[in-house]
Amino acid sequence: PRSTVAEAESRFITGHPDCNVTPYIANLVGRDLHKKSAHPLGIIKDRIEAYFAGLETSYDVFDGEDPVVTTTQCFDDLNIPPEHPGRSKSDTYYLTDTELLRTHTSAHQSQHLRQGHEAFLCTGDVYRRDEIDASHFPAFHQMEGVKLFSEEEMNGQTDFSDKEAWLASPECDIVAKDLKATLEGLIKYVFDDPDLQTRWRDDYFPFTEPSFELDVFYQDEWLEVLGCGVIHADVLDRCGLASRRGWAFGLGLERLAMVLFAIPDIRLFWTDDERFHKQFKAGQVSTFKPYSKYPPVFKDIAFWCPESYVENDFNELARSIGGELIERVENIDTFTNPKTGKTSNCYRITYRSMDRSLTDVEINALQDSLRDEAASALSVELR
Ligand code: PHE
């Protein structure tokens, strides 16, 4: 059952000076969309799990970890340095200085490895403060996959203390090749197309080395679908697994579900509208037929910014006032007055409901509170 507003708020809105979780965000936690077998996110998750269940290695499956994790789990265990932008309060929702809403499912890698799981999948909701448009929502879902290799598969090697030697070794190549073959197989299975065109690109993550990204060519476009790599030696060392090697990947479920089901707006995943839910059946990938799109209402807001201004604070404010009624927040004009040194930003807010027509009265009220709150909470000077 969904927790009550008051319960959610008291758990996530802690009163700690570093807490930046809003009631709107608190009430997204616990919806468990990925566990609903007839929801597009659940359908994709089940499909990916079915692919792994058909492989020789047996994968333990997790999907119920608490999204509240520590900075150790989410960052330190994964080699993410203190100054990394992903750790900043402008990008991440903190409950306290050491507890946060996980920004990726990689936050659970180390705990499962320490518990002795050698191959596993781990799915959950993740949270990031970000821009607002049809493909960005502050909460989304990821699936993590990890596999360790046996001593035999590593040709008897257990001493990996020379890092350069490891990276140049044929065994490192064995891990990377297995990773790539497993994921190409996965994507072809999920798209149900053995001829699907894919390409690999080198990437960087602090917790894998080497790191890669997989793109697929779908409907005339290259689409980025996942990040992955050979697990970094430091991550395994911290789990007491210095003598082992393996791979990891992390994949966004919304991205895949939006293309496979032709879902045009990421907010639809969160709707309660029957016209959405009745279109999907467990175990079936089908094309979404959009019900009538209601007309958008555009409103602009312009203001002079204080030194301390960060754009995601404004995005957050818009989200906490307009919720899912805000489709997009677009910075349409920014300039700095050469005399005063002050910067002005103008944002165009697109209001649109997925489920109904909005009235002028209701939009004007939202826009008025956005203006008032921006002035008081962000100390901007309205123009
Ligand atoms: N956690 C990474 C992300 O969110 C994805 C990833 C997972 C990359 C595992 C490598 C290994 O972008």
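When you go through P264, P295 one by one, which is the residue that is at pLDDT below 95, of a type outside the set (D, E, K, R), under 20 Å from the mean Cα position of the chain (by Cα) and loosely packed, with under 15 Cβ neighbours inside 10 Å?
Values: P295 fails: under 20 Å from the mean Cα position of the chain (by Cα).
None of the other options fit; the residue is P264.
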In the range 130-139, is there at least one residue being within 12 Å of the ligand (Cβ to nearest atom) and in contact (Cβ under 8 Å) with a residue 60 or more places away in the chain? no
In the range 199-217, which residue that is more than 14 Å from the ligand (Cβ to nearest atom) and open to solvent by 40 Å² or more (accessible area, probe 1.4 Å) is nearest to V230 (Cα to Cα)? R199
Has the range 155-162 got any residue that is open to solvent by less than 40 Å² (accessible area, probe 1.4 Å), more than 30 Å from A26 (Cβ to Cβ) and in contact with a Cys (Cβ under 8 Å, 6 or more places away or on another chain)? no
Qualifying positions in the range 211-223 - over 17 Å from the mean Cα position of the chain (by Cα) and under 19 Å from H104 (Cα atoms): S211, F212
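Among the listed residues D220, D237, which satisfies the condition of being out of contact with any helix residue (DSSP H, G or I) (no Cβ under 8 Å at 6 or more places or on another chain), more than 14 Å from the ligand (Cβ to nearest atom), open to solvent by 10 Å² or more (accessible area, probe 1.4 Å) and closer than 25 Å to T72 by Cβ? Reasoning before the result, please.
On the way: D220 fails: closer than 25 Å to T72 by Cβ.
Only one candidate passes the filter, namely D237.
Could you look through the range 356-383, keep only residues that are acidic (D, E) and more than 18 Å from T22 (Cβ to Cβ), and pick out the one that is surrounded by the fewest Cβ atoms within 10 Å (Cβ to Cβ)? Explain how you work it out, then say what you get.
If we filter the range 356-383 for residues that are acidic (D, E), which is where we start, we get 360, 362, 368, 372-373, 381.
Subsequent filtering for residues that are more than 18 Å from T22 (Cβ to Cβ) retains 360, 362, 368, 381.
Working: D360: 8, E362: 14, D368: 12, E381: 13.
That would be D360.
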Considering the range 1-39, residues that are among the hydroxyl-bearing types (S, T, Y) and assigned to a loop (DSSP other than H, G, I, E, B), and then whichever is modelled with the highest pLDDT, we arrive at S37
Can you tell which of L179, L256 is closer than 25 Å to S58 by Cβ, in a helix (DSSP H, G or I), within 11 Å of the ligand (Cβ to nearest atom) and not β-branched (V, I, T)? L179
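In the range 327-357, how many are within 19 Å of F303 (Cα to Cα) and part of a strand (DSSP E or B)?
So the first thing to find is which residues in the range 327-357 are within 19 Å of F303 (Cα to Cα), and the list is 328-350.
Now restrict to residues that are part of a strand (DSSP E or B): 328-336, 343-350.
Here the count works out to 17.
The values are calculated or read from the model by the stated rules, or taken from the named source; none is laboratory data. Predicted, not measured: the structure shown is a model, and the values here were computed from it. In this analysis, Cβ positions are derived from the backbone assuming ideal geometry, glycine residues included, and neighbour counts consider all displayed protein chains. Just so you know, the surface numbers come from the protein's heavy atoms only, side chains and all, with ligands and any DNA or RNA stripped out. Shrake-Rupley method; radii C 1.70, N 1.55, O 1.52, S 1.80 Å.
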